[in-house]
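A short worksheet on the structure shown next.
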Amino acid sequence: MAGAIASGWASFAAMLLAGLVLMFGLPHVFDLFGLLQMTVFVAMAVLALSQGFIWGYGGIMSFGQSAFFGLGGYTYAVAVMNLGDSTGAVALAIALPAAFAALLGYFMFYGRISDAYVGVVTLTVTVILFNVFNSTAGDWYTIGNAPLGGFNGMPSVPPLNIPGHPDEPLDPGQLWYAAMGSLILVYVLLRGVLASRFGRVVVAIRENETRAMLLGYDPRLYKLLTFTLGGGIAGLAGCLFTNWGSFISPTAFSLAQSAQIIIFVLVGGLGTLLGPILGAVAIQYMVTLIGAQQKVDGNLIVGVVLIGFVLLVPQGVVPVVRNVLQRLFVRTPRGGTAPVASEARP
Amino acid sequence: MNADAVPLLEARGMTMRFGGVTAVNNVDFVLGEVELRCLIGPNGAGKSTFFKMLTGQLTPTAGTVRFRGEDITGAYPHQVARRGVGIKTQVPNVFDGLTVRENVFVAAARLHQARTARRIADETIEHVGLTRIAGRMVGQLAHGQRQWVEIAAVLAQEPDLLLLDEPAAGMNKEEVARTSELIREINKTKALIVVEHDMQFIRMIAKTVTVFNQGSILIEDDVHTVLSNQSVRDVYLGRQAA
Ligand SMILES: Nc1ncnc2c1ncn2[C@@H]1O[C@H](COP(=O)(O)OP(=O)(O)OP(=O)(O)O)[C@@H](O)[C@H]1O
Ligand SMILES: [Mg+2]
């Protein structure tokens, strides 16, 4: 156990260092255009982390992380237009989706609906939100001085500003630091959660809900908290996304968006935190490359890549690479210490 | 046990119907503090169903369960567990994707902070004799070892009553002997109800035996009386008769 803990800290330190190097290094490597592109990749990586956490560790199959993502984006836009200062708007963009997730989660988990129906309910809620926000054109749908704008969405959303100084907005170069800083914070938070007693129980419930109950844990409560945390993180991702384009529209709630998040996690690897991050960045990079050419339809290629992954690397990239590295570099002690799925791995 | 003391467990009129099948039929069952009871009976007699009703996994069609005098009928499994009832189920319920140590840790962590829970987990693992495989994934272990992991988890949960549903199933002779020894030791401080088909095993541990047949209690008496009873022999005919 001491060894596992030590290697846990080592991998955590390595990940943190890598994150900080990228955060401060990339601005020297990329021009502003490249950096902006990386910023949206990072926003989506935060979103992928929310899905990777609730699905890969909590065992909750949500088809609706885009609901919280979209809510986060809209909440930020409406709040910052009304408040002027972005600080409270960011807090609301996390709190409101989290509260919505808590409400939805309460009905799902305490209503004892089956796991499959959790997928159906979250999907349905996303479709409903998409339709609701699509039909918000016109003056009537104006919150304070923020018109929701129907299917056209909300343009010219004010950017983040230095906390307490609405007259000092972040420029696109500075937004990168905010986005990457958020990703690192979310990663650190989730590592901490997974290493805690709470996180161990969350993983145990994923492994065997009956056993967890028979040991005295109420799975409903743990799932509710997991789902709520995931909702808040998805909301933060939505806030970053809105900042990136100064724009939010109902497409944030689209099924394509929901599917994409799941693909990020599947490709990167379920049951890891690093996997969803890398999956999000890699897939988006690929989509951008494909978008630059005109010959083949982009969705088709993404679809083919997904099918290829599901067939050839069903575990996702990160678990496979990790196993190979472990075999190469870690001598298995006598008694055979097998890989520990529950350790809060990168 | 003091005659007018509140029993540890008192089940009255317990009945469980599945559609047309009556799996348990009007069973009265009383267990004292730190008592060891063996529950036997042929396949389909209703033993596991009875355990499920006691632990909240099934809500009885009729009847009440009292634990130390408090009504726990229809409570959720986690609520029953918190009162101090632990169960090793017939089909092992363990965390396959976690190590032995993590399985037992999660059990101990319900009542204790992480540091204390880790210590209790290590002690329990040592006690049950799993130290050598503490770092192994439970999903990769043999059936007998998985049973012990489950027993260790139930012990780490620190219950006052342990229900063990066929703890010796799939174990070799040596393992069966070790399990019976473990049960006797647990019984120094805790009450147990043990369901088993292995009569050798029953002889090793039993004092009082309750026999289920077709959902009802056939006989309840001390082990020698029960095992020499003719109707018990009849019920078990074709099996390894007593
Ligand atoms: N969920 C269920 N639905 C329908 N019938 C059930 C259910 N659970 C158990 N039964 C039936 O109830 C009866 C008692 O089953 P139970 O598992 O309690 O027997 P048991 O004494 O534990 O047998 P064994 O020694 O084989 O484990 C059987 O006829 C079984 O088929
Ligand atoms: Mg049974």
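The values are calculated or read from the model by the stated rules, or taken from the named source; none is laboratory data. Note that the structure is a prediction, hence the values are computed from the model and not measured. No Cβ is skipped: glycine too gets one built from the backbone with ideal geometry, and neighbour counts run over all protein chains shown. Remember, those area values only see protein heavy atoms, side chains included, never the ligands or the DNA or RNA. Shrake-Rupley method; radii C 1.70, N 1.55, O 1.52, S 1.80 Å.
One table, with the values for the structure above:
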{"item": "Tally of residues being closer than 18 Å to A:Arg220 by Cβ, touching a Gly at 6+ places or on another chain (Cβ under 8 Å) and either within 7 Å of chain A (Cβ to nearest Cβ) or of a type in the set (Phe, Trp, Tyr) (or both) across segment B:77-110", "result": "5"}
{"item": "Top-ranked residue in segment B:191-228 [being within 16 Å of ligand 2 (Cβ to nearest atom) and in a loop (DSSP other than H, G, I, E, B); ranked as nearest to the other protein chains (Cβ to nearest Cβ)]", "result": "B:Glu196"}
{"item": "Any chance A:Pro159 is open to solvent by less than 60 Å² (accessible area, probe 1.4 Å) and within 20 Å of A:Leu83 (Cα to Cα)", "result": "yes"}
{"item": "Any hit, segment B:53-64, residues being part of a helix (DSSP H, G or I) and within 14 Å of ligand 1 (Cβ to nearest atom)", "result": "yes"}
{"item": "Residue list for segment B:6-58, filter: of a type in the set (Gly, Ala, Ser), over 21 Å from B:His197 (Cα atoms) and in contact (Cβ under 8 Å) with a residue 24 or more places away in the chain", "result": "B:Ala11, B:Gly13, B:Gly32, B:Gly56"}
{"item": "A:Arg211 being open to solvent by 20 Å² or more (accessible area, probe 1.4 Å), in a helix (DSSP H, G or I) and either within 14 Å of chain B (Cβ to nearest Cβ) or in contact with a strand residue (DSSP E or B) (Cβ under 8 Å, 6 or more places away or on another chain) (or both)", "result": "no"}
{"item": "Single unsatisfied condition, B:Gly20 versus (1) on the phi < 0 side of the Ramachandran plot; (2) within 16 Å of ligand 2 (Cβ to nearest atom); (3) surrounded by fewer than 15 Cβ atoms within 10 Å (Cβ to Cβ)", "result": "(2)"}
{"item": "Restricting segment B:120-163 to residues that are of a type in the set (Lys, Arg) and within 11 Å of chain A (Cβ to nearest Cβ), the residue that is farthest from B:Thr99 (Cα to Cα)", "result": "B:Arg132"}
{"item": "Which listed residue, of B:Ala206, B:Ala177, is among the small types (Gly, Ala, Ser), within 24 Å of B:Pro7 (Cα to Cα) and surrounded by 15 or more Cβ atoms within 10 Å (Cβ to Cβ)", "result": "B:Ala206"}
{"item": "Single condition B:Val91 does not satisfy, out of (1) within 20 Å of A:Met213 (Cα to Cα); (2) without any contact (Cβ under 8 Å) to a residue 40 or more places away in the chain; (3) touching an Asp or Glu at 6+ places or on another chain (Cβ under 6 Å)", "result": "(3)"}
